[in-house]
Number of protein chains: 2
Amino acid sequence: MTELDKTDRRILMELQLDGRVSNAELAQRLGLPPTSLSDRFKRLVRQGFITGFGARLDPHQLGYGLLVFVEVTLDKTTPDAFEMFAQAVRRAPEILECHMVGGGFDYLIKTRLADMNTYRRFLGEVLLAMPGVKETRTYAVIEEVKNDGPLPLML
Amino acid sequence: MTELDKTDRRILMELQLDGRVSNAELAQRLGLPPTSLSDRFKRLVRQGFITGFGARLDPHQLGYGLLVFVEVTLDKTTPDAFEMFAQAVRRAPEILECHMVGGGFDYLIKTRLADMNTYRRFLGEVLLAMPGVKETRTYAVIEEVKNDGPLPLML
DNA sequence: ACTGAAACGAGTCTTGG
DNA sequence: CCAAGACTCGTTTCAGT
């Protein structure tokens, strides 16, 4: 019973875009009775389609003027080395995303910092100090063309 | 008056993690009177620190089994070519993020798709069909170590 | 900035069609 | 799956300290 109909997907899309919309208003938008929407909503949370809600903050206004991606290569590619590195990553709040990838390097990291000076310190004191890090390549973002778009839910 | 005190930052952090918390409960968590929190909340929205709210969805449960990063190089690096490409990106819902970067390539793209077959079609029919695209390198994500962490707000 | 009170609106639960 | 009610709780606004 994890099949979604068109209405479910429309609910999910609306909630991605406006996570604080009231049950009553969303029901009206979709032409549903509020109780039906309430049922569907709770089901979507219970089944794990919705994992939570969050405020979107403006990084620049909060002093994070710099977005940087870093490609990281480890010196050993053993399961143990991966786990050590992953744990260090999870403890670093500056790291917003980190993914193990297949290809020319091992991890791709996304981080937001105040400026280049802050990044230099982060690179030297945090990232290069992590276990197993052999090589990094830094890509500073010049322009954010698209940022955190909604998951497409074919309606 | 765009300075944030410790209380403002705690509010923002709580709302990042739980965007649907009620005013009354958040006030209680932070030891504030509900009306004070309500005032601060509205001020944070009005000043642009909070840009919106959204539901977090589980990509895998929604059929997006594959996360891919793609490095894109354009054949011309003129302002006009950049703008053409950026517009095409904004029209492609599969592209969740796209950033212009400085370094060995021009754009870094983040996309979620069902599987490798879907990605092959996306690469051929969408990405390579975009204006000015000369070269792409694909990095499929093996493991999502950290995903969409909250912006760190030193409390 | 905090407090208190009152009016309004929304969510929840239950019953029923 | 939808409708209608009663009840509870949160929000909002107003006043005052």
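The values are calculated or read from the model by the stated rules, or taken from the named source; none is laboratory data. Remember, it's a predicted structure, so these values are computed and weren't measured experimentally. Every residue, glycine among them, receives a Cβ derived from its backbone with ideal geometry; neighbour counts consider all protein chains shown.
So if I check each of A:40, A:20, A:10, which one is at the interface with chain B (Cβ under 9 Å from one of its Cβ atoms) and within 13 Å of DNA strand D (Cβ to nearest atom)?
Every option except A:20 fails the conditions.
I'd like to verify a number: residues in region B:46-61 that are within 9 Å of chain A (Cβ to nearest Cβ) and either touching a Leu at 6+ places or on another chain (Cβ under 9 Å) or within 15 Å of DNA strand C (Cβ to nearest atom) (or both), how many?
10
Just to be sure, is residue A:111 modelled with pLDDT of 95 or more and facing chain B (nearest Cβ under 10 Å)?
It is true that residue A:111 is modelled with pLDDT of 95 or more and facing chain B (nearest Cβ under 10 Å).
In the list A:31, A:124, which residue meets the criterion of being within 16 Å of DNA strand C (Cβ to nearest atom), away from every other protein chain (no Cβ under 12 Å) and not hydroxyl-bearing (Ser, Thr, Tyr)?
Exactly one residue qualifies, and that residue is A:31.
Go through region B:15-57 and give me each residue that's in contact with a strand residue (DSSP E or B) (Cβ under 8 Å, 6 or more places away or on another chain) and either without any contact (Cβ under 8 Å) to a residue 24 or more places away in the chain or of a type outside the set (A, V, I, L, M, F, W, C) (or both).
Matches in region B:15-57: B:16, B:18, B:19, B:20, B:51, B:52, B:54, B:55, B:56, B:57.
Is it the case that residue A:4 is within 9 Å of chain B (Cβ to nearest Cβ) and farther than 21 Å from residue A:131 by Cα?
yes
Whether any residue in region B:62-73 is within 13 Å of chain A (Cβ to nearest Cβ) and within 16 Å of DNA strand D (Cβ to nearest atom) is what I want to check.
Looking through region B:62-73, none of the residues is within 13 Å of chain A (Cβ to nearest Cβ) and within 16 Å of DNA strand D (Cβ to nearest atom).
Of all residues in region B:23-37, how many are assigned to a helix (DSSP H, G or I) and within 11 Å of DNA strand D (Cβ to nearest atom)?
10
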